[in-house]
Amino acid sequence: MPSVYIKTYGCQMNERDSEAVAAQLMAKGYTLAPSEAVADVILLNTCSVRDFAEQKALNKMVNIAAETRRNRPEAVLGFMGCMAQSRGQELIDRLPDVDLVLGTQKFHRAADYLGEILAGRRDKIVDVAAEQGSEATIREHLLNGSAKKTVTAFVSIMQGCNQYCTFCIVPYTRGEERSRGIPDIVAECRQLVSQGVKEITLLGQIVTSYGKRTISEKDGKSAFVQLLDAVQEIKGLERIRFTSPHPKGYGDDLIEAYARLPKLVESAHLPVQSGSDRVLKLMHRGYTRARYVGIIEKLRRARPEIGISTDIIVGFPGETGDDFEQTLSLAHEVEFDQAYIFKYSQRRDTPAAEMPGQVPQKVREERNKRLLEVINEIAGRKFNTFIGRQMQILVEGPSKKNPARMTGRTRCNKIVVFDGSERHRGQLMDVKITRAGSFTLYGDPAILD
Ligand code: SAM
């Protein structure tokens, strides 16, 4: 049987989609190739959120095509995911060595289409059509393929986005919001827990919009909170996370869920995008700075230990120096534990791409640098306050940087590296924090009394 290599660009949703495709192909007898250099099938799962991510994937395919044409002309090359969806046939016109272009509602067709291409029945396949029910097709996991215990897993609860932020390409690449049913999601979570998973992250473009159009409110609880309640009941599951929510979706029912559900960890990724009300309005975000800060205050009252991370865009069209100062002041006011900062990138067919006042690249870079300094300084200070404290971690496996050491995560989503061994994998254990690095804590289980 052929071997496959999948390279993933972009967010956790993309990671999850790639895992599901890999699992689907393995169930058909494919093996996973350790690198593209030896694979019979090479798939790039792409991201369109910023131009940089698209260019990286395009350049990668140019190099792969040149190499395979020279040495392995029979290798099958494909694009999947967001850029495949938005560019479709154009990708094959531009790169004729590409055999397959698979859109975001078609991941589950990968095995069939590759089978047809490998058997020589079809030459090129482009499928970017919408498909009813595709939101429930991302369900296979790779747990069984690994001899090691998998401790954490991602579960896709919905697809698409109806928010239409003016900067964002996602509604056009992922389609309208479509949610799976609660029993279906819970069954997948139960199956994962029965295989040893201890922590589940519920995934969606905007998870707080989960089930809005298909599941009615019950006892004042939104569909998403009903789902959290149902997942909380799964025996053997230790922790629940979710990403990405939208600040607009933080009603009191969700804040209250943080106070009420012990498995829901003290961590929230709340993309703010800007500290200026004027820019938030231009972005079509649907909240003000005051509303955002109010949500954070409520969350901190419900769970004082909560770790808050965010996404911020600098250099959005029309962002003035004063608007940017307001973003800096928001960073000081909220004191994020972590923030992902993005330089605004013009995306085709999005309203912001046509807005007046496009900010020069140099200014975007300067703002990015200044904000990063502020975020890092605050996060560094916050990380130092953990030194000397005892914290519970869930041990995930060897540290990526130093496989001789183990790594785990606190409930508030801080990575902790410590001297441990394979027998710790999957354990909830207490460690004493001895040192703080940049966005990493170092702990010692031995010095606990
Ligand atoms: N659910 C998230 C939200 O509430 O907006 C969106 C997830 S999006 C895929 C990840 C992040 O990419 C966004 O939060 C935003 O900061 C960034 N992003 C999206 N479009 C962008 C653009 N055109 N330029 C720069 N950054 C962008």
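The values are calculated or read from the model by the stated rules, or taken from the named source; none is laboratory data. Remember, it's a predicted structure, so these values are computed and weren't measured experimentally. In this analysis, Cβ positions are derived from the backbone assuming ideal geometry, glycine residues included, and neighbour counts consider all displayed protein chains. Each accessible area value is taken on the protein alone, full model and side chains, heavy atoms only, with ligands, DNA and RNA left out. Shrake-Rupley method; radii C 1.70, N 1.55, O 1.52, S 1.80 Å.
In table form, for the structure just shown:
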{"item": "Rounded to 5, the percent of DSSP beta bridges in region 61-189 classed as antiparallel", "result": "25"}
{"item": "Within region 299-369, GluC sites (Glu not before Pro) in DSSP loop having at most 16 other beta-carbon neighbours inside 10 Å", "result": "305, 335"}
{"item": "Rel. contact order, % - alpha carbon contacts under 8 angstrom, at least six apart, region 69-139", "result": "32"}
{"item": "Under-5 Å amide H pairs with residue 122, H placed in peptide plane, nonlocal only", "result": "117"}
{"item": "Selection of trypsin sites (Lys or Arg not before Pro), region 401-449, meeting DSSP coil and at most 13 other Cβ within 10 Å", "result": "401"}
{"item": "Residues of region 276-316 with amide N under 12 Å of a point placed 7 Å along Cα→Cβ from residue 389", "result": "304-308"}
{"item": "Protein accessible area in the chain, 1.4 Å probe - carbon and sulfur %", "result": "50"}
{"item": "Residues whose placed amide H lies under 5 Å from that of residue 359, excluding near-sequence neighbours", "result": "318"}
{"item": "Spin-label zone in region 195-227 - amide nitrogen under 13 Å from a point set 7 Å from the Cα of residue 184 along the C-beta vector", "result": "211, 214-215"}
{"item": "Three-way shape call for region 45-174 based on the alpha-carbon gyration tensor, with the a/c threshold at 1.5", "result": "oblate"}
{"item": "GNM top mover of 252, 93, 323 - the chain, alpha-carbon springs below 10 Å", "result": "93"}
{"item": "Cysteines in the chain lacking a second Cys C-beta under 4.7 Å", "result": "11, 47, 82, 161, 189, 412"}
{"item": "Full-stretch length increase - residue 349, residue 430 - with 0.36 nm per residue and alpha-carbon distance subtracted", "result": "24.2 nm"}
{"item": "Interchain or long-range residues, amide H under 5 Å from residue 342's placed H", "result": "312, 313, 314"}
{"item": "Anchor residue 432: lysines whose Cα lies under 17 Å away (excluding residues fewer than 8 positions away in-chain)", "result": "382, 414"}
{"item": "Qualifying trypsin sites (Lys or Arg not before Pro) in region 150-256, DSSP loop, other Cβ atoms within 10 Å at most 11", "result": "235"}
{"item": "Of all DSSP beta bridges in the chain, antiparallel share, percent nearest 5", "result": "35"}
{"item": "FRET efficiency, residue 438 to residue 370 (Cβ-Cβ, R0 22 Å, nearest 0.05)", "result": "0.80"}
{"item": "The chain: DSSP helices with Cα axial extent of at least 15 Å and average Kyte-Doolittle hydropathy no lower than -1.0", "result": "12-27, 51-71, 182-194, 289-302, 321-334"}
{"item": "Cα centroid separation - region 314-337 against region 366-415, whole Å", "result": "23"}
{"item": "Estimated [θ] at 222 nm from DSSP helical runs (n ≥ 4, -39500 (n - 2.57)) normalised by residues in the chain, nearest 500", "result": "-10500 deg cm²/dmol"}
{"item": "Distance from region 232-289 to region 102-153 (C-alpha centre basis), Å", "result": "30"}
{"item": "Stokes-Einstein D in µm²/s, Kirkwood radius over Cα pairs - the chain at 20 °C with 1.002 mPa s viscosity", "result": "92"}
{"item": "Count of lysine pairs in region 164-323 with Cα separation under 19 Å (8 or more residues apart, or interchain)", "result": "11"}
{"item": "Region 311-426 - share of DSSP beta bridges that are antiparallel (%, nearest 5)", "result": "70"}
{"item": "Probe 1.4 Å, protein heavy atoms only - accessible area per residue of the chain in square angstrom", "result": "43"}
{"item": "In sequence order, calculated HN-Hα J values of region 395-407 (Karplus, 6.51, -1.76, 1.60; Hz; x Gly/Pro)", "result": "7, 9, x, x, 5, 5, 6, 9, x, 6, 10, 9, 9"}
{"item": "Rotationally averaged projected area of region 100-217 (alpha carbon convex hull; nm²)", "result": "9.6"}
{"item": "Positive-end residue, the chain charge dipole about Cα centroid, Cβ charges, pick of 143, 202, 392", "result": "392"}
{"item": "Estimated dipole of the chain in Debye, rounded to 20 [Cβ of Lys and Arg +1, of Asp and Glu -1, Cα centre]", "result": "580"}
